[in-house]
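Worksheet: one structure, shown below.
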Amino acid sequence: MAEVLLTKHNGIKDNHTLSFYKAAGGYQALEQALGMTPDAIIDEVKKSNLRGRGGAGFPTGMKWSFMPKNPVDAQGHPKPKYLVCNADEGEPGTFKDRLLLTQYPHMLIEGMLIAAHAIGSNQGYIYIRGEFYREAEIVKAAIKEARAAGLLGKKVMGRSWAFDIEIYRGAGAYICGEETALLSSLEGRRGEPRLKPPFPAQVGAFGMPSCVNNVETFCAVPTIIKDGAAKFAAIGTERSGGTRLFCVSGHVEKPGVYELPIHMNLKDLIQHCGGVRGGRSVKAVIPGGASAPMLRGDEIDVAMDFDSLAKAGTMAGSGGVIVIDDQTCIVESAARLLKFYEHESCGQCSQCREGSHWLARMFNRIEAGQGTTEDLDKIAHICGNMAGQTICAFADAVTGPALSTIRKFRAEFEEHVRLGRCPSKPEHYVRPHDHHASARL
Amino acid sequence: MIIDQHISQRIDELRPQFPTQQALLLPLLHEIQEKEGWISKDAIKEAASFLKLPLARVEEVVSFYTMYNRKPVGKQHVQICTNIACFLRGADHLLECLEKRLGIHEGQTTADGRYTLTAVECLAACGTAPVMQVNKDYHENLNETSLLQLMDRLDKELLDG
Amino acid sequence: MSTTESPKPKVTIDGQVIEFQPGDTIMRAAERAHIDQGIPRFCYHPGLPVAGTCRMCTVEVEKAPKLMTACSTPAADGMIVHTQSEKVRKSRAGVMEFLLTNHPLDCPVCDQAGECSLQDYNYEYGPGTSEFREEKRVYGDAQTKPLSDRLTLNMNRCIHCERCVRYTEDVTKTSELLMNSRGWRKELTTALEEGLFNEYQGNIADICPVGAITFNDFRFQKRVWFLKEKNAICDGCAKGCSIYADQEKNVIYRYRARHNEAVNGHWICDEGRVSFHTYQDPERVVQPMLKAQASLVATNWETLVPWLMQSLSNARRVLLLIGTDATSEEAATLTQILPSFTKGEVVTRFYNGTNGVRQSSDDSPLDELLRRKDKTPNTKGMELLGLHPLTEQDQGFDVAIYFRSGRAAIPAQKLGQVEIAWGVFSAREGERFAAVLPGLGTVEKFGTFTQCDGVTQSFEAIIQPHGASASVKKILDGMRMKAIVPILAAREVARDSV
C-alpha cells in the first residue's frame, strides 16, 4: 500500500505525547519553517497541492496567501491576525479529527505553528466540538507540553515571535463547522454563518483578518515542509496532493479511518475495509459525508479525489464514506439524513429554515407510506428552490441526500407510495413513537 | 451564587487570550453546566452580569446550542446517536432497549432523577457505531449485550455514589 | 470647481443608469434613485443593520454566478443589475412558497391585512399555489400572547426576519428581544420572558412586515384600507418627529413614523405615537364656555366674542401667555393683533411648564434616541419670534389669556383677575377659568414649529376642527369684524364654528 504520512503511529501507547512525537521527528518541520520566509512556506504549500480537508477542498496555500500582510485599523495601528483550527467535526460519516486530536495533537500544533508563521499570526484557536470533552483534554495537555518546551508562547523556539493556542469548545451545533458560523461562535454568539463578502481573510474572528483550516489540513503541513511539497504532490492527482483520511462507516466489515492516496478508488476502498458486512452487496455509498449526493452500487468505480467525485455528480467533501448495503431501506436512510439537517439548520435563511423542515417531514411521511407520486416531484422542486440561494452552503448540503436518493432510487420511493408502507418492514410494523413528528412547539 | 470563585477564576484565566468579553460566554456556560448540570434562568442572569452582556444575548446563545440543558437532567445523561451511521448499525434497536430498561421515552428523565435519555444527531464517531455518550464519555461499538452491561455499570456507579 | 472631481460611480438597474455613493449596496443605490420598488424585502430595513437572511431581495447581477442579495451586495461601478429577470422571479416565488408553508394564512382575521408585506409580495411574486401538505408549525397553545403591555405577538404569523430583534439590539440598544432555539423551531421571545421596557415599542409593530407583532393601541381599531395617510409632525415633544397620521371620517386612528433623516430617522417614541388621543379626548372642551355663577356653561361665539372684547377693552394690564405648543404663526398673529383690542398694556410671554422646562436651554434629551424633556413642540419657535418666557415678576394683571394647543402646561398660580383659556383644554382644566375659547389642536391646523435642533417644519391640517373649535385667525377676524360691523362679524364667526 502507498505511504502513510499522518497516521503512522495509530494505537501506539503515548503517541499523543511530546516526547513520542519528537522522537518520531516531530517539530523538525517547524524548525525548518522558522528558517523560511512566510512567502516561501506559502509557496511550498501551494506546490504541494494541499486542498482543504474540511469539505470544500479549497487550495490551502492560496487561502493563506489571501491573508493581508500588514493590516492596520483606521488609526493606523496594526491589526492582529487569527489562525483558527476547525475541529468541529460533525458531518455524519466523518470522524477523522477525533483520531488526529487524540493521537496526534502535536502534529496539529506543529501544523498550526507553521501556518501561523506563514500568515503572521500570534494567536491561534482550536474550535473543538463540545461533545469532545476527552479529546479537548488531550489537546489541552499537548498545548501545555508545547508551552513548557518553548514551542508555544512568547518566544517560539527561542525566536522573537510569539504564538499561542487556546482551545474553544463548541456546544452542539453542526453549523459551526461552517467557517463563518464557527467565527460567530468563537465570538460567543449564535453559530450563524455570515454574509460574504467580507471574507474571513479581511474580516474574520473579532473583526480581524483570520484564517480557518481543518484539523487534517493543518496536520498535513509538517510533512509538506519536512519532506517537501514535491513528495506530497506526487501522491495525489495533478490538482490535489497527498493522502487523505477516509472515514469509512456503515455496512463494511472493518469501519474506521484509513489514510490512503487521495485518488483512491472507492470500490477498492470498500474492499480495503473488508468489503460489505456479511457478504452482501453495496446498494449505495455516500462518498464525502452526509451532504454528498449518494452513489448507487453500480457507480462506485470512481476515484475519491475532489475532481473525480465532482465529475461523478457528487463530492469528496469531508472524506466520510458511508456504505449502505442491499438490505437497507434507502427512503428510511434518506429520512434519517434529512432529520439531521432539519435539526441542524441555523434557521437564518428562509429557504433553509423552512425547506429543511419541509423535506424532513416529507421524507418521514413517504417512509411511513403516506406519500404520493406528486410528493416525489415536489421534492425536486423544493430542492431547486433551496440550492445556491442562501448565505452558506448548508441548504445545498440538504439537497444532496434529498435529490440523489429520489433520483437514483425512485423505484424504491414509488414502492413506498404504492404499498402505503415500507416494503422492507413487516406488513403490520408499528413505528415507534416519534417525539419529533409533531409540528406543535 | 452560581458563578463561584472556581468558575470566575477559570474564566479569568481565559480572558487574556480573547479580545472580547462575549467570547467568554460559551466557556462560561460550559463551566456553569459542569457545576449545575443545566443552565437555569438564574444562571443566565448571572452569566449576563458577569460578562456585562444583555440577557437576550446570553439566552439566545443558550438556546441555540443543544448541549446547554435548559432543564435539569439526570445524574447520568445518556445520549444515543440515531443518525445515519449509527442507524445503519442498529441504533434504533438500542434506543428501544434503553427506553424499555429506563421506562421512559427519549427526551425524558426518570422520576428518580437518575437518568435522562436523549437521542442526538451524530457524535462524530461513526467508525465505531453505534455510539452513545454518557456525561463526558463515549461508549462505542455497542450492541444489545454491551449496552446492557454498560447500563448495569452505570446503575452501580449511581449506587456507589 | 466640480470639474476636478472624478466622475461618480454608476450602476445600471433594470436599464436605468444611476449614480451611487461609494459604500452603497445595490439596495441603497436603488433607494437613492427611488427605483427600489422592484426589490422586495422582508429582513432589510433602511434603519437597521443588514442581515441578508430572508433572501427575498435577490437580484441578478451580470457576470455573477449566483443571484445576489441587493441588501448586502456592494454596488460596483459598471455593475448591471436586473431585478425582474426570470431567474430572480423564480427565486422570489421560492422564498414566498417557503415562508407561506408554515404561515397560518389567516388574513381575514389578521390586523395586518392590507399592509402586510407577505400578502402584498404574494400577489406580486408568489407561486400562486401551495403544496405544503404537512402539519403546520404551531407555537404554544394560545394564538397570541402579550410581548409587553403595548405589543401583542402572534408567533405563528412570524416569518423570522428578525427586524424586531435587530431593532432592540441596535436602535433602542435595550436588547429585550431574542430568537429562542434555532432552525424551524426558532421562536421570538423577550429575554427570560420579562417583557419589553423601552419607550419605542410601537416602531416594532411598524417594522414587523407581517401580523406577528401588533400595537395594542391600534389593534382591531380599524381595517387599514379605510385609512388615509397624511404627512404630519408629532407635537408630543420638542423633537418634532415626522409622522404619518392615519385617519378616516375625521378620526385619527394612529400615528406612524415617517422617515426624516434630519429629525427622527425612521422612528418615533410611544408617547408621541399615542399622543393624538389628546385631541379626541371626550373631555376636551369644544364649545365656547363662559362662567356663570360658579361653573362654566356652554355658550356660543356670538356671546363669547363680545365678552372677550369687553374684558380686554376694560383692562389696564393684560397678560398674553402663549404656550410653547402654539404655532409660530399663531404666536405672531396674537402678539401683533391682540394689543389693538385694548387700551391697556399687553405683556406677551411664552410658557412651557412641562418637566420644569422654562425655555429651550432647559431642554435635554431623555435618552440617546429621540425623546426630549421639553414636552412641547415649539419652544425654539417662540424664542425665534423674540418672545420671552414668563418670569416671577410677571404678576398683577387684570386679564390673563392662556393660549395653548394642548401640550404646554398652565401656570399653577393665578396671574390675572380674569383668567381666560384659549385653545385646547380639558373640562377638568377649564374650571379655573372665566371663559374657555375652544381653539385648534395641532392636528386641526396648518402651521410651523421649530424643533429642538433648530429645524423649522411646516405642516398641514389632518382633520377638521372638533365641535365649535375655531382658529386664531377666525376668532381674531371675528373680533375685528365685530369692532367694525358687529352683526356681520357675529354671523361670520357663527358660520365658521359649524
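The values are calculated or read from the model by the stated rules, or taken from the named source; none is laboratory data. Small disclaimer: the values here were computed from a predicted structure and weren't measured. Glycine gets a Cβ as well: all are built from the backbone with ideal geometry, and neighbour counts include every protein chain shown.
Among the residues of segment C:153-174, what is the count of those that are crowded, with 21+ Cβ neighbours inside 10 Å and either within 14 Å of chain B (Cβ to nearest Cβ) or not in a loop (DSSP other than H, G, I, E, B) (or both)? Lay out the reasoning, then the answer.
So in segment C:153-174, the residues crowded, with 21+ Cβ neighbours inside 10 Å come out as C:153-155, C:157-165, C:167-168, C:171-172.
Applying the additional criterion that residues be either within 14 Å of chain B (Cβ to nearest Cβ) or not in a loop (DSSP other than H, G, I, E, B) (or both) yields C:153, C:155, C:157, C:160, C:162-165, C:167-168, C:171-172.
Residues meeting the conditions: 12.
For C:Cys54, work out the one condition from (1) farther than 20 Å from C:Cys208 by Cβ; (2) buried (at least 17 other Cβ atoms within 10 Å of the Cβ); (3) not charged (D, E, K, R) it doesn't fulfil.
Result: C:Cys54 fails condition (1) only.
Looking only at segment A:77-105, how many residues end up being assigned to a loop (DSSP other than H, G, I, E, B) and either surrounded by 24 or more Cβ atoms within 10 Å (Cβ to Cβ) or more than 10 Å from chain B (Cβ to nearest Cβ) (or both)?
Narrowing segment A:77-105 to residues assigned to a loop (DSSP other than H, G, I, E, B): A:77, A:79-81, A:88-95, A:104.
Applying the additional criterion that residues be either surrounded by 24 or more Cβ atoms within 10 Å (Cβ to Cβ) or more than 10 Å from chain B (Cβ to nearest Cβ) (or both) yields A:77, A:79, A:81, A:88-95, A:104.
Qualifying residue count for the region: 12.
Applying the selection to segment A:382-441, what residues are among the aromatic types (Phe, Trp, Tyr), more than 25 Å from A:Gly93 (Cα to Cα) and within 14 Å of chain C (Cβ to nearest Cβ)? Quick ask: steps written out before the conclusion?
Here is the first cut: in segment A:382-441, the ones among the aromatic types (Phe, Trp, Tyr) are A:394, A:409, A:413, A:429.
Among the residues that remain, those that are also more than 25 Å from A:Gly93 (Cα to Cα) are: A:429.
Matches in segment A:382-441: none.
Check whether at least one residue in segment A:121-133 is in a helix (DSSP H, G or I), of a type in the set (A, V, I, L, M) and crowded, with 24+ Cβ neighbours inside 10 Å, and report yes or no.
Kept after step one, since they are in a helix (DSSP H, G or I), are these residues of segment A:121-133: A:133.
In the following step, the residues that additionally are of a type in the set (A, V, I, L, M) were identified as none.
No, segment A:121-133 has no match at all.
Has segment C:300-321 got any residue that is among the aromatic types (Phe, Trp, Tyr) and not assigned by TED's automatic domain parsing to the domain that holds C:Leu151?
In the first step, residues of segment C:300-321 are kept if they are among the aromatic types (Phe, Trp, Tyr); the result is C:301, C:307.
Retained after the next criterion (residues that are not assigned by TED's automatic domain parsing to the domain that holds C:Leu151): C:301, C:307.
Yes, the conditions are met somewhere in segment C:300-321.
Please state which of the following conditions A:Glu110 fails to meet, knowing it meets all the rest: (1) out of contact with any Leu (no Cβ under 8 Å at 6 or more places or on another chain); (2) assigned to a helix (DSSP H, G or I).
(1)
Can you pull out the residues in segment C:133-147 that are facing another protein chain (nearest Cβ under 7 Å) and of a type in the set (A, V, I, L, M, F, W, C)?
Correct list: C:Val138 only.
Given the conditions (1) within 14 Å of chain C (Cβ to nearest Cβ); (2) closer than 30 Å to B:Thr110 by Cα, which single one is not true for B:Gly74?
It fails just one condition, (1).
In segment A:247-265, what residues are at the interface with another protein chain (Cβ under 10 Å from one of its Cβ atoms), out of contact with any Cys (no Cβ under 6 Å at 6 or more places or on another chain) and under 19 Å from A:Cys219 (Cβ atoms)? Talk me through it step by step, then tell me what you get.
Kept after step one, since they are at the interface with another protein chain (Cβ under 10 Å from one of its Cβ atoms), are these residues of segment A:247-265: A:247-252, A:254-258.
Next cut, out of contact with any Cys (no Cβ under 6 Å at 6 or more places or on another chain) only: A:247, A:250-251, A:255-256, A:258.
Result: A:Cys247, A:Gly256, A:Tyr258.
Going through B:Arg57, B:Arg10, B:Arg70 one at a time, which residue ends up being outside the structural domain of B:Tyr138 (by TED's automatic domain parsing), of a type in the set (Lys, Arg) and not in a helix (DSSP H, G or I)?
Unique residue meeting the criteria: B:Arg70.
Just to be sure, is A:Val276 more than 10 Å from chain B (Cβ to nearest Cβ), closer than 30 Å to A:Ile366 by Cα and not small (Gly, Ala, Ser)? Can you show your working first?
On the way: more than 10 Å from chain B (Cβ to nearest Cβ): yes; closer than 30 Å to A:Ile366 by Cα: yes; not small (Gly, Ala, Ser): yes.
In short, yes.
Run A:Gln327 past the list (1) within 14 Å of another protein chain (Cβ to nearest Cβ); (2) outside any helix (DSSP H, G or I); (3) closer than 27 Å to A:Lys231 by Cβ and report the number of the one that doesn't hold.
(3)
Identify the single condition in (1) in contact (Cβ under 8 Å) with a residue 12 or more places away in the chain; (2) more than 14 Å from chain C (Cβ to nearest Cβ); (3) assigned to a helix (DSSP H, G or I) that B:Glu96 does not satisfy, given that it satisfies every other one.
Unmet condition: (1).
Quick check on segment A:83-132: of everything there that is under 16 Å from the mean Cα position of the chain (by Cα) and among the polar types (S, T, N, Q), which residue is nearest to A:Lys69 (Cα to Cα)?
Once the filter is applied, the top-ranked residue is A:Asn86.
Specify the residue that is farthest from C:Arg407 (Cα to Cα); the eligible residues are those in segment C:237-257 that are touching a Lys or Arg at 6+ places or on another chain (Cβ under 7 Å) and part of a loop (DSSP other than H, G, I, E, B).
It comes out as C:Lys239.
Of the conditions (1) assigned to a helix (DSSP H, G or I); (2) within 28 Å of C:Pro377 (Cβ to Cβ); (3) more than 27 Å from the chain's Cα centre (by Cα), C:Leu296 fails just one. Which one is it?
The failed condition is (1).
Can you tell me which condition A:Glu166 does not meet? The list is (1) outside any helix (DSSP H, G or I); (2) within 11 Å of chain B (Cβ to nearest Cβ); (3) without any contact (Cβ under 8 Å) to a residue 40 or more places away in the chain, and all the others hold.
(3)
Taking the condition of being of a type in the set (S, T, N, Q), surrounded by fewer than 16 Cβ atoms within 10 Å (Cβ to Cβ) and part of a helix (DSSP H, G or I), how many residues in segment C:356-400 meet it?
1
For segment B:17-36, does any single residue satisfy the condition of being within 27 Å of B:Val78 (Cβ to Cβ), part of a loop (DSSP other than H, G, I, E, B) and among the aromatic types (Phe, Trp, Tyr)?
no
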